1. 5 Å is the cut-off here: which amide hydrogens, built 1.01 Å from N in the peptide plane, fall below it relative to GLY53, excluding neighbours closer than 5 in sequence?
2. How would the chain be classified by its alpha-carbon gyration tensor: rounded, prolate or oblate, with rounded meaning a/c under 1.5 and the a/b versus b/c comparison settling the rest?
3. Using unit Cβ charges (K, R positive; D, E negative) and no other charged atoms, how large, in debye to the nearest 20, is the dipole of region 87-128 about its Cα centre?
4. If exposed means no more than 10 neighbouring beta carbons inside 10 Å and the site is in a DSSP loop, what's the longest run of the chain without any exposed GluC sites (Glu not before Pro)?
5. Dipole of the chain, Cα-centred, from +1 at each Lys and Arg C-beta and -1 at each Asp and Glu C-beta, to the nearest 20 debye?
6. Which Cα, out of LEU62, SER2, PRO152, lies furthest along the positive dipole direction of region 1-158 (beta carbon charges, K/R +1, D/E -1)?
7. Between rounded, prolate and oblate, where does region 77-163 land on the alpha carbon gyration tensor, with a ≥ b ≥ c its root eigenvalues, rounded for a/c under 1.5, else prolate if a/b exceeds b/c?
8. Nearest 500 deg cm²/dmol is fine: what mean residue ellipticity at 222 nm does the chain get from its DSSP H runs of n ≥ 4 alone, each adding -39,500 (n - 2.57), divided by its residue count?
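What follows draws every value from the coordinates through simple rules; no lab data is involved. None of the values given here were measured: they were computed from a predicted structure. Reconstructed Cβ throughout: ideal geometry from the backbone, glycine too, with neighbour counts over all protein chains shown.
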Amino acid sequence: MSHTENFKAAFRNHPGGVAVLTADSGDGPVGLTATSVSSVSADPPMLMFSISGLSSTGPALLKAETVVVHLLGEQQVELAKTFATSGIDRFADQASWARLTTGEPYLVSAPTWLRGKVVNQMEAGGSTIVVIEILEVRLPEEGQDAQHGQRPLVYHNRTWHALGDSSALG
């Protein structure tokens, strides 16, 4: 196997939390599913994600000044699948999304989202790493978070999973 194939195989076995990124740079809403979201700094609050150069949505998302990062739970697996599917109108279901007062599209059923302004972009291989500074956070309402039944959505070995009490080791 080549280094590239070995690299892909290694990361298929490394689970990642599932997020949907949405934005609108002026040409209409765009979005995609990502497992590359990671915290960068708590003060100021910043996160990063990467966008593949092969993504059809990537160029439009990379033009946006602000992005909404939705951290998904098990109940949003269909949203994750929709935003991972190429060649469809991901915003066709008008009831599934709305606009924030600041204009960005957001997914109404996502329990947690973070809105941020793009502060840096860096080319890395065939992808672009994007860093955003968080401007606004919506946390789950009581009864929606992981402590009250909403388990986080995880992607592992090309399959969707939900973490729960039975997966806790400590």
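1. Sorted by chain and number, the residues that satisfy this are SER127, THR128.
2. The shape class here is rounded.
3. Using Cβ point charges on Lys, Arg, Asp and Glu, region 87-128 gives about 160 debye.
4. Maximal segment without exposed cleavage sites: 1-140.
5. Its charge dipole is roughly 420 debye.
6. Comparing the listed Cα positions along the dipole, SER2 ranks first.
7. Rounded.
8. Calculated from helices alone, the mean residue ellipticity at 222 nm is -4000 deg cm²/dmol.
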